[in-house]
Structures are given as C-alpha cells and as structure tokens.
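The structure appears right after this line, and notes come after that.
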Amino acid sequence: MEKDVIILGIESSCDDTSAAVIRNGVLLSNVTASQAVHEAYGGVVPELASRAHQQNIVPVVDHALKQAGVDRSDLSAIAFTRGPGLMGSLLVGVSFAKGMAASLGIPMIDVNHLQGHVLAHFIKERDDDHHQPQFPFLCLLVSGGNSQIVLVRAYNNMEIIGQTIDDAAGEAIDKCSKVMGLGYPGGPIIDRLARQGNPLAYEFSKPNIPDYDYSFSGLKTSFLYRLRDWLREDADFIEHHKEDLAASLEKTIVDILMKKLWKAARDLKIRHVAVAGGVSANTGLRNAFHEYAERYHWKVYIPKFSFTTDNAAMIAITGYFKYTDKDFCTMEKPAYSRVTMV
C-alpha cells in the first residue's frame, strides 16, 4: 500500500498568514489569520505585516495540523510561498518552512504565489470532486497587484499572454474607493454598493491597448477628474450618488477585463475559461463570467470565495503537484519580491 502524500502549505506573501494541509490532493484544513491593523492606514504597511506574521505563524500552523488530524511527523513535505510579495512578510514564511523542514528531515517545495492562484481550481475538498478545468484553459488572474490572462497548458506550463502595463484592476478599485472616502480594502465596499446602483449611470475612460494587455491608470485618472468636477457643483455628490458611482466603476472594470479575455479565447479557440485572485470574488465579474459562458458556450470555472484571497490551500495543492514530480527546493533559495510567473 502506497504511503499517503501529506503536504503542509504556508502562505505569507502579504498580510494574511495561512497554513493548509492536503492529503493525496484532498484538502484537510485551511486556516488563515488576517490583519485588521492596516485598515487605519488605507493600505498594507509592510513592517506591521511582517511583525503580525511572526506572531501568527506558529499558532496558525499548529491549528491547521490539529484541524487536519495530522501530526507533523506524518508530513511528506512543506510547500511555501517563495514570492512574489512583500519581502518582510515572505521571509517569515520562508524561514519558518526551512526551519520546520530541516527539523523533520523532509523536502521543501517553493511555490510561485501567482501560479498558486491559478491552481486553486484544482483544490479538492472531497475525493469525488471532479470540477477541475481541462487543459489547456485560459485563466483571468485579477488581484490588487496583478491583472493577467494566463494560458495554462499544464500545472507546470503557464504562459502570460496579456497583463496590465500599469495599475492592476484591484489597485484601481482600491484607489477609487479611497478617493471617495469609502475605506480600505475597497473591493468589498464597491461590490456591496454596486449591487444597489445603476451601472449605466456614468461612463468612464476605457483604454485602447493592443493585443491582450490591460491598462487601468487612465480609468483611475478619469474617475478622479470627473469626481472633482461633480464635487465642485455639489459638495455632497459622493454621498448622494455613491451606489451609482460604484456600479458604474465596477461595470467599466469588468467590461475592460472581459473584452480582452473574450478576444484571447476567440483567437486561441479555447472554451475552458477560469478566473482567480482576489478580484474574482467580485459579484459583477462573476456574473459576467456566467453571461459569457451562456453567450459564447464557455465552460467557466469560478473559485469558492475562500480560495479567491491569499490562502495556503492553493500553495499546498501546487506543492502536491510538484511533489509528484520530485520538484524540491534547496535551503539556499531566497525569497523574491517581484516576478511575473514561473
């Protein structure tokens, strides 16, 4: 009888400390500690994030192992986010993974954070879960730091065919929310308000970028200038129209994202299309995926909300795939803050 492959995944790329356990590809636990301290600053403060990771990582890993009913001596390997991300945050997770792997005498598996988001679609919560995408498929990876169209030929064969040349979609949402004085993070706030507003109330700038690339800096500037003009006429304009503003902003961003994704799917003749990353939790974007699926006969893959944000389950499943190929990491490999995709 073959021994179970049990992977501990560790994610610490930004402000969420997360640990997950996967056995033979099936998720046993996924524990995340978030950091509320950044809300007062309107964004993640790297120094505060790394300190919080140091406080959280031991209890989070311990909780994940207990919830999974797994002893550390049962682990086959430890997978960890090596990058990209905030260097101070990454170092906490990387150092912990190295120390634990060395003490247990088991292999380490380094995971690219963006690759993990794409492979979140392969997390199984039951043995009979067979809703994973078919290769090749396209994945729209959208978050606060990334907006990419990824051609996925295999778990270890991904190609970015389009990406933002400036701001990411999530970054644009957060900054527009901040300009409106709505708070941080902006994504959930804009989403909630947009459900009550008219998406056709206002029009904002849409870029004309070649091929499959994106740009959101022009939209952000257009939003800022138009808001400034409206506020001159009515000092309470935002309070009176925040639902319509949110709905119109969301529609503009979703339209930009989907137009390029549709173009890529048409040109490459691919009908299996997925979405991943933090912005994939947005209701408007999820609705658009269902509409495009019906209109263009796509087979779409939309992650559970718990797998949209940074989480260790996606790191553990990527680690599981790499473990089957014996694709291990040496102690000498450092964390890295910037890279697109491996």
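The values are calculated or read from the model by the stated rules, or taken from the named source; none is laboratory data. All of these numbers come straight from a predicted model, not from anything done at the bench. Quick reminder, even Gly has a Cβ in these numbers, built from the backbone with ideal geometry, and neighbours come from all protein chains shown. Calculation scope for accessible area: heavy atoms of the full protein, side chains included, ligands and nucleic acids excluded. Shrake-Rupley method; radii C 1.70, N 1.55, O 1.52, S 1.80 Å.
Results, tabulated for the structure shown:
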| read-out | value |
| --- | --- |
| Residue in segment 193-204 that is out of contact with any strand residue (DSSP E or B) (no Cβ under 7 Å at 6 or more places or on another chain), at pLDDT below 95 and surrounded by 14 or more Cβ atoms within 10 Å (Cβ to Cβ) present | yes |
| Set P185, P133, P107: member being open to solvent by less than 60 Å² (accessible area, probe 1.4 Å) and over 28 Å from T17 (Cβ atoms) | P133 |
| Subset of segment 185-205 (residues that are in contact with a helix residue (DSSP H, G or I) (Cβ under 6 Å, 6 or more places away or on another chain) and either among the aromatic types (F, W, Y) or over 18 Å from N282 (Cα atoms) (or both)) | A201, Y202, F204, S205 |
| Among (1) at pLDDT 95 or above; (2) aliphatic (A, V, I, L, M); (3) out of contact with any Pro (no Cβ under 6 Å at 6 or more places or on another chain) - the single one A77 does not satisfy | (3) |
| Options G170, G187, G218, G183: the member that is assigned to a loop (DSSP other than H, G, I, E, B) and either out of contact with any strand residue (DSSP E or B) (no Cβ under 7 Å at 6 or more places or on another chain) or within 24 Å of V339 (Cβ to Cβ) (or both) | G183 |
| Residue satisfying all of: in segment 20-44; over 17 Å from the mean Cα position of the chain (by Cα), open to solvent by less than 60 Å² (accessible area, probe 1.4 Å) and not β-branched (V, I, T); modelled with the lowest pLDDT among these | H38 |
| Filter result (of a type in the set (A, V, I, L, M) and touching a Lys or Arg at 6+ places or on another chain (Cβ under 6 Å)) within segment 291-328 | I302 |
| Residue list for segment 252-273, restricted to those being over 20 Å from the mean Cα position of the chain (by Cα) and either open to solvent by 20 Å² or more (accessible area, probe 1.4 Å) or aliphatic (A, V, I, L, M) (or both) | K259, W262, K263, A264, A265, R266, D267, L268, K269, I270, R271 |
| Residue match in segment 194-213 (condition: in contact with a Gly (Cβ under 7 Å, 6 or more places away or on another chain) and in a helix (DSSP H, G or I)) | yes |
| Criterion violated by A235 - all others in (1) assigned to a helix (DSSP H, G or I); (2) open to solvent by 40 Å² or more (accessible area, probe 1.4 Å) satisfied | (1) |
